[in-house]
1. Exactly one of (1) in contact with a strand residue (DSSP E or B) (Cβ under 7 Å, 6 or more places away or on another chain); (2) open to solvent by less than 40 Å² (accessible area, probe 1.4 Å); (3) small (Gly, Ala, Ser) is unmet by Ala233. Its number?
2. Looking at this structure, is Val144 in a helix (DSSP H, G or I), more than 25 Å from Leu16 (Cα to Cα) and open to solvent by less than 90 Å² (accessible area, probe 1.4 Å)?
3. Quick check, is Ala105 more than 22 Å from the chain's Cα centre (by Cα) and among the small types (Gly, Ala, Ser)?
4. For region 236-253, which residues satisfy the criterion of being without any contact (Cβ under 8 Å) to a residue 40 or more places away in the chain and open to solvent by 50 Å² or more (accessible area, probe 1.4 Å)?
5. Using the structure shown, decide if Glu177 is of a type outside the set (A, V, I, L, M, F, W, C) and assigned to a helix (DSSP H, G or I).
6. Scanning for something surrounded by fewer than 18 Cβ atoms within 10 Å (Cβ to Cβ), touching a helix residue (DSSP H, G or I) at 6+ places or on another chain (Cβ under 6 Å), free of Cβ contacts under 8 Å to residues at least 12 places away in the same chain and not in a helix (DSSP H, G or I), does region 201-218 turn up at least one residue?
7. Select the helices (runs of 4 or more DSSP H) contained entirely in region 56-131, then report the ones holding at least 3 residues which are closer than 28 Å to Leu16 by Cβ.
8. Checking Ile78 against (1) touching a Phe, Trp or Tyr at 6+ places or on another chain (Cβ under 7 Å); (2) touching a residue at least 24 places away in the same chain (Cβ under 8 Å); (3) over 21 Å from Ala96 (Cβ atoms), which single condition isn't satisfied?
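The values are calculated or read from the model by the stated rules, or taken from the named source; none is laboratory data. Since the model is a prediction, treat every value here as computed from it, not as a measurement. A quick note on method: Cβ atoms are made from the backbone with ideal geometry, for glycine too, and the neighbour counts reach across all protein chains shown. Note: accessible area is taken over every heavy atom of the protein model, side chains too, but ligands, DNA and RNA are not part of it. Shrake-Rupley method; radii C 1.70, N 1.55, O 1.52, S 1.80 Å.
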Amino acid sequence: KQWYQRRVAISAGGALILFGSYNNVKNNCSRDAMIIALVNCGTSVFAGIVVYSVLGFREHKTGVKVENVEGGPGLAFIAYTTAVAEMPLPQLWAAAFFFMMVLLAIDSEFGTIEATIGPLRDYEFFRRIKKELLCLIVCVFLCVLGLPMSLEGGLYIFTLWDTFSVALPLVFIGIIECVAVSWFYGLDRFCGDIEHMTGGQPHIYWRICWKFVSPILITVVLIASLVKMLIKAPMYPAFVGCEKFPVSDQFAGSENWVEKVPYPDWSRFIASIMVALPIIPIPVMAIKNWKKPVRPIVHPDEA
């Protein structure tokens, strides 16, 4: 599960690709890729140290085991907040924690909105709209889509969306990216483009990873995830309240306030649609453009 989550985190690069398209042709993309990868992994290690330190403190104070803590919204708004409440000067730490959450949400939206607007502006119709106005329209539209997640059953909708609409499609898209660039576009041609931009060919290590190691590893992760879903029905952490004050008569309450419950059939049907929608355009466009010649990434007039 941890390998799957790390792969999804690293492959979530739509905003990175979009921002990278703004660079100069001669920009050192190899250096930038290394810096981003190191910062990403370093941030994950630092965040892990902070989070597990707080959860360890919570276990020491309340007796709730760290391994029983669920991820997602429950981690941020139940486990972490109860730990903060046990600290000295809880008001200070609570204010700092939620201020950090606001900043995290805002800077995440920068990349998300830019990755949404960028492809739209490739079409003539959207280029006629001022970028600021288009940004406002997209933000309002996404805000309206997110309103159901703030209702009574909003956490259920959010968990369903977060579990199925992003993870599996991103892993599949990661495989397609590796195969399309290394095998269809051509690894030698791709390395030639990098040499044109940076002045040097990528190391043989990267060539082997791009062509063989990465596609195989990502495919194994995808197959293992699908097999796990087929063997065991997907489950979601339902908020059931504490043992003394359960939220309903249907559940008895839990020590960590959540209990894993299997998704019903109708929600799994919706989940399958969520997984399929981002994937279907890939084979459709591949079939549509199958006979078109492959154009080089770096055009002669950009040299």
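1. Condition (2) is where Ala233 drops out.
2. Here the answer is yes, as Val144 does meet what is asked.
3. In short, no.
4. Glu243, Lys244, Phe245, Pro246, Val247, Asp249, Gln250, Ala252
5. Details: of a type outside the set (A, V, I, L, M, F, W, C): yes; assigned to a helix (DSSP H, G or I): yes.
Yes: the conditions hold for Glu177.
6. Scanning region 201-218, I find at least one residue that is surrounded by fewer than 18 Cβ atoms within 10 Å (Cβ to Cβ), touching a helix residue (DSSP H, G or I) at 6+ places or on another chain (Cβ under 6 Å), free of Cβ contacts under 8 Å to residues at least 12 places away in the same chain and not in a helix (DSSP H, G or I), so the answer is yes.
7. Numbers: elements: 80-85, 90-120, 124-127.
Fully inside region 56-131 and qualifying: 90-120, 124-127.
8. Ile78 satisfies every listed condition except (3).
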